[in-house]
Amino acid sequence: DEEFDELCFEFGLELDEVTSEKDILSKEKGEEKAKGASETVLYKIDVPANRYDLLCLEGLVRGLQVFKERINLPRYEKIIPPQGEMQRLIVTEETVQVRPHAVAAVLRDITFTKERYDSFIDLQEKLHQNICRLRALVAIGTHDLDTISGPFTFTAKAPSEIKFKPLNQSKEYTASQIMDLYRTDSHLRHYLHLIENKPLYPIIYDSNGIVLSMPPIINGDHTKISLNTRNVFIECTGTDLTKAKIVLDTIVTMFSEYCAKPFSIEAAEVVYPNGKTHIYPELAYRTEKVKPELINKRVGISETPSSLAKLLTRMCLKSHVVGNTLEVEIPPTRADIIHACDIVEDAAIAYGYNNIQMTVPKTYTIANQLPLNKLTELLRLDLAAAGFTEALTFALCSQEDIADKLGMDLSATKAVRIANPKTAEFQVARTTLLPGLLKTIAANRKMPLPLKLFEVSDIVVKDPNTDVGARNYRHLGAVYYNKSPGFEIIHGLLDRVMQLLEVPPNEENGYTIKATEGSAFFPGRCAEIFARGQSIGKLGVLHPDVITKFELTMPCSALEINIEPFV
C-alpha cells in the first residue's frame, strides 16, 4: 500500500484511502448494516478533473505502466471498413431544437469479463458526472451491435409517438410514461429535466424501427450489453460537439485493448441534416513544438533536451528532439493538453515535484497587510473592549431577511442573487449586516440580557460600473438587545468608534448625525450618520415589526456604518 501510495504521488495523483465496502458501510450506517458486505480491499484514488483518461482501471493502469517504462504507449488505430460495410448514423433536422450533435464508433470482437463489463459501465457513469455535466452536454449510449441492424437514425419525435421497452423493464412504455416511471428513481430523476419540457424528445432507431436509446434518459432494453456481447455500437449525443468527440475518444481508446486486434477501433459515419458526412471517432494525433529552455525555466530545473523528451514520453506524450526544440505528440487520450503550459506541467510531474531544488526567489519583497483588513482588525479589538461580543454570520441569506423582514422592497436592495440556490436560507448575498446579527440574537435568546453584538464584514451590492457587476463594502454593524431600547448605548458606541478613527464631532471635517426615516427603524428614532460630508450609515431603534419578524420579544437598537472612507 505504501509503495502504491508513493507511485500515485509521483504520477500526480493521490491515494485517498485504502478501504473496503464493509469499512465504508460500517462508517456510514454502523456495524450491524455492514455484516456480510465484501471485505475486498478498495483503493480510493483522487484523479484531477482534467484527466478523463484515468477515470477507469484500464486507463489508470496503462498510464502507470507507461510511467514506469514497462510498456510503450499503444498506438490507437482507426479501421475504416470496406465500402458499404461502415455503420451509419443519420441525423435528422428535428434534433436541432433538442440535442443537435451526434458521434458514433464500433468496438469489434471485444471480450468482456465481469470486471471489464463493470469497468465499462463505470467509466460511462464517471464521464456523465464529469465532462458531460450530468448528461446536459453529452449522453453516452452503448449497444450490442448484433441485436440491431444499421443504418441508424437519430431524430426527435413527440413524446406520445415514442414507445419502447426501457432498459431492465418488463414492458413497453410511451415516452411520457417513461418520464413518470423514473420520476421516483433515485438515479435517473436528476436527468429528466433536460428534455422534459421540450416539445420533441430525441430518439435513436435502427433500420427496423427498434429503439436504441432515448438520450439523455435511458437506453432500450433490446440492445443491452451482456458478458457475451462481441460487437459494441457506441453513440454519444449532445449539445456540445467538442465534448462529445472527447467522450467518444476516451471510451474507445480505453476499451479497445480488449478487442481481438488490441487498440483498433472501427469507424462509423455520421450523416448530417445538410447531407455532409463525417467519420468518427477522430482519434486525432497532433504535434506541438516546445522549447526545452521554456520547460527548464518554468519548472526551475536544468535538464538536457533528450532527458526532457524521455520525461514527457513517460507521461504518455511521445517526444523527441528536433534541432533545438522538442516535438511532442499529443495522443487522442489527452484532451487536457491545450497549451504549452500543460506540457510543462507534465514534465514537472515526471521529474518529480519533490526533486525540484528549493531556491530563494530572485525578487525581494516585504509583505504588508491590506490597509482595510488592518483597520478592521484594530476596530474588532476595540469594539470587544467596549463590551460587545463579535459575531461571524453567513455572507448569504434569504431574500426575506434583507427585504420583507426589514420592510424593504427586494428590488430596492440591489442584492446579488444566486442563480441556483441549494436552500432557501442562501438565496442572495447580504446587503446589510443587520439580519445576521438579529438571527444570532434569536438563536441566543436564552442567554442573560443585555445582548451586545457586533460584526465587521463585507456586504455585496450590484454595481454596473465594475467588471463583475457587483461591489463589496466593509461594514461595521452592532446591535443592543435589552428590556429598554438602549439608543444611548449604541450612540455611545458610534462616538467611541469615531474617537478611535480620530474623526471629531463637527460638520467641517468630522461627523454629525441627522434625523431621518428608515423602513427598519421606529419612526422618529432613526438618524443618518454623515462623516466628512458623505453619508456612511444609520443608527436607531428597530421597528417592532422587524423585531417580531426575527422572532424577538424585546426592544433593540442598531448601528451600521461603512468603514471604507476611514482607511
Just one listed residue, out of R474, R430, is of a type outside the set (A, V, I, L, M, F, W, C), surrounded by fewer than 21 Cβ atoms within 10 Å (Cβ to Cβ) and touching a residue at least 12 places away in the same chain (Cβ under 8 Å), and it is R474
The strands (runs of 3 or more DSSP E) lying wholly within segment 479-558 that contain at least 2 residues that are over 42 Å from the mean Cα position of the chain (by Cα) and among the β-branched types (V, I, T) are 511-515
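Looking only at segment 234-251, count how many residues are within 16 Å of I330 (Cα to Cα) and open to solvent by 10 Å² or more (accessible area, probe 1.4 Å). Show your work before the answer.
First, the residues of segment 234-251 that are within 16 Å of I330 (Cα to Cα): 245-246, 249-250.
Then drop every residue that is not open to solvent by 10 Å² or more (accessible area, probe 1.4 Å), which leaves 245-246, 249.
Total satisfying the criteria: 3.
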From the option list H193, H222, H187, single residue qualifying as free of Cβ contacts under 8 Å to residues at least 12 places away in the same chain, within 25 Å of K114 (Cα to Cα), not assigned by the TED database to the domain that holds G59 and not polar (S, T, N, Q) is H187
A careful count of residues in segment 195-204 that are assigned to a loop (DSSP other than H, G, I, E, B) and more than 24 Å from the chain's Cα centre (by Cα) gives 4
Checking E528, E508, E560 in turn, the sole residue that is touching a residue at least 24 places away in the same chain (Cβ under 8 Å) and among the acidic types (D, E) turns out to be E560
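Can you work out which of the residues in segment 208-233 that are open to solvent by 30 Å² or more (accessible area, probe 1.4 Å) and hydrophobic (A, V, I, L, M, F, W, C) is farthest from K163 (Cα to Cα)?
Here is the first cut: in segment 208-233, the residues open to solvent by 30 Å² or more (accessible area, probe 1.4 Å) are 208-210, 219, 222, 224, 226-228, 230.
Now restrict to residues that are hydrophobic (A, V, I, L, M, F, W, C): 210, 227.
Numbers: I210: 10, L227: 27 Å.
If we take residues in segment 208-233 being open to solvent by 30 Å² or more (accessible area, probe 1.4 Å) and hydrophobic (A, V, I, L, M, F, W, C), then L227 is farthest from K163 (Cα to Cα).
Residue-wise test of (1) open to solvent by less than 40 Å² (accessible area, probe 1.4 Å); (2) assigned to a loop (DSSP other than H, G, I, E, B); (3) on the phi < 0 side of the Ramachandran plot.
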{"position": "V18", "(1), (2), (3)": "no, no, yes"}
{"position": "K22", "(1), (2), (3)": "no, no, yes"}
{"position": "A37", "(1), (2), (3)": "yes, yes, yes"}
{"position": "I45", "(1), (2), (3)": "no, no, yes"}
{"position": "N50", "(1), (2), (3)": "no, yes, yes"}
{"position": "E58", "(1), (2), (3)": "yes, no, yes"}
{"position": "V61", "(1), (2), (3)": "no, no, yes"}
{"position": "L64", "(1), (2), (3)": "yes, no, yes"}
Within segment 11-47, the residues that are under 20 Å from the mean Cα position of the chain (by Cα) and in contact (Cβ under 8 Å) with a residue 60 or more places away in the chain are none
Exactly one of V416, V456 is among the β-branched types (V, I, T), over 25 Å from N482 (Cβ atoms), assigned by the TED database to the domain that holds P485 and modelled with pLDDT of 90 or more, and that residue is V416
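For every residue, the table says whether it meets (1) at pLDDT 90 or above; (2) not assigned by the TED database to the domain that holds R430.
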site: A340; (1), (2): yes, yes
site: L379; (1), (2): yes, no
site: S398; (1), (2): yes, no
site: L406; (1), (2): no, no
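Identify, from the list E282, E269, the residue that is closer than 19 Å to V91 by Cβ, part of a loop (DSSP other than H, G, I, E, B) and either open to solvent by 50 Å² or more (accessible area, probe 1.4 Å) or in contact with a Ser or Thr (Cβ under 7 Å, 6 or more places away or on another chain) (or both).
Numbers: E269 fails: part of a loop (DSSP other than H, G, I, E, B).
Checking each option against the conditions leaves just E282.
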Going through (1) in a strand (DSSP E or B); (2) of a type in the set (D, E); (3) within 32 Å of the chain's Cα centre (by Cα) one by one, D336 fails only at (1)
Residue hits (segment 142-166; of a type in the set (D, E, K, R), within 30 Å of D118 (Cα to Cα) and touching an Asp or Glu at 6+ places or on another chain (Cβ under 8 Å)) are K163, K165
Yes or no: segment 129-140 includes at least one residue that is in a helix (DSSP H, G or I), in the same structural domain as K198 (by the TED database) and under 24 Å from the mean Cα position of the chain (by Cα).
yes
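Taking the conditions exactly as written (modelled with pLDDT of 90 or more and over 21 Å from L227 (Cα atoms)), does Y173 satisfy them or not?
Details: modelled with pLDDT of 90 or more: yes; over 21 Å from L227 (Cα atoms): yes.
Yes, satisfied.
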For segment 531-543, does any single residue satisfy the condition of being open to solvent by less than 80 Å² (accessible area, probe 1.4 Å), out of contact with any strand residue (DSSP E or B) (no Cβ under 8 Å at 6 or more places or on another chain) and on the phi > 0 side of the Ramachandran plot? yes
| task | Can you confirm whether segment 240-255 contains a residue that is more than 30 Å from N72 (Cβ to Cβ) and within 31 Å of the chain's Cα centre (by Cα)? | result | yes
Every listed condition ((1) under 25 Å from the mean Cα position of the chain (by Cα); (2) within 28 Å of P151 (Cβ to Cβ); (3) among the aliphatic types (A, V, I, L, M); (4) surrounded by fewer than 19 Cβ atoms within 10 Å (Cβ to Cβ)) holds for L192 save (2)
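The values are calculated or read from the model by the stated rules, or taken from the named source; none is laboratory data. Quick caveat: nothing in here was measured; it's all calculated off a predicted structure. Backbone-built Cβ (ideal geometry, glycine too); neighbour counts: all protein chains shown. For accessibility, only protein heavy atoms count, side chains too; no ligands or nucleic acids. Shrake-Rupley method; radii C 1.70, N 1.55, O 1.52, S 1.80 Å.
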